[in-house]
1. Within the set of pairs 6 or more residues apart or between chains, which connect a residue that is part of a strand (DSSP E or B) inside the stretch 66-84 to a residue that is surrounded by fewer than 18 Cβ atoms within 10 Å (Cβ to Cβ) and of a type in the set (A, V, I, L, M) with Cβ atoms less than 9 Å apart?
2. Of everything in the stretch 52-65 that's part of a helix (DSSP H, G or I) and open to solvent by 80 Å² or more (accessible area, probe 1.4 Å), which residue is modelled with the highest pLDDT?
3. Among (1) at pLDDT below 95; (2) in a helix (DSSP H, G or I); (3) among the β-branched types (Val, Ile, Thr), there is one condition Thr37 misses while meeting the rest; what is its number?
4. So in the stretch 78-89, with the set limited to residues that are in contact with a Gly (Cβ under 6 Å, 6 or more places away or on another chain) and open to solvent by 50 Å² or more (accessible area, probe 1.4 Å), which one is farthest from Trp33 (Cα to Cα)?
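The values are calculated or read from the model by the stated rules, or taken from the named source; none is laboratory data. Note that the coordinates shown come from a computational prediction; the quantities given were computed from them, not determined experimentally. Note that each Cβ is placed from the backbone with ideal geometry, even for glycine, and that neighbours are counted across all protein chains shown. Just so you know, the surface numbers come from the protein's heavy atoms only, side chains and all, with ligands and any DNA or RNA stripped out. Shrake-Rupley method; radii C 1.70, N 1.55, O 1.52, S 1.80 Å.
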Amino acid sequence: GRVVPVATLLAGLTILASGLIGGYHAGVEYGWWEGMTACTAAPPSGGDLLDQIMNAPLQRCDVPAWTLAGVSLAGFNFLLSTGAALLIFVLTSRQGRMP
């Protein structure tokens with residue numbers, strides 16, 4: 001039988017990890033569980049630092065920035081990434097049984 005490349009399995013695991021992070025974030029957005037207490041962003045550069053911090057726009061972690069049919073970007077990340085990872089695992093498991 002053929003040997004599945006390690007890189008293929010690592011790619012599947014990485015995609016699955018992305019999907020699980022998306023699932024966690026979607027759960028926070030939908031209020032299923034509590035997320036981290038604060039969002040973070042890159043520090044501002046130049047000028048009056050305190051003024052920039054105080055006037056920076058805020059984006060809450062528990063409010064979706066965009067949705068389609070009630071599914072947020074984090075939700076789509078969960079659905080598509082976990083689906084792709086499962087497909088990779090199924091196809092690589094079948095690769096050894098193919099003629």
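1. Qualifying pairs under 9 Å: Thr67/Leu73; Val71/Leu79; Ser72/Ala65.
2. That would be Met54.
3. Checking Thr37 against (1) at pLDDT below 95; (2) in a helix (DSSP H, G or I); (3) among the β-branched types (Val, Ile, Thr), the one that fails is (2).
4. Going through the qualifying residues, I end up with Phe89.
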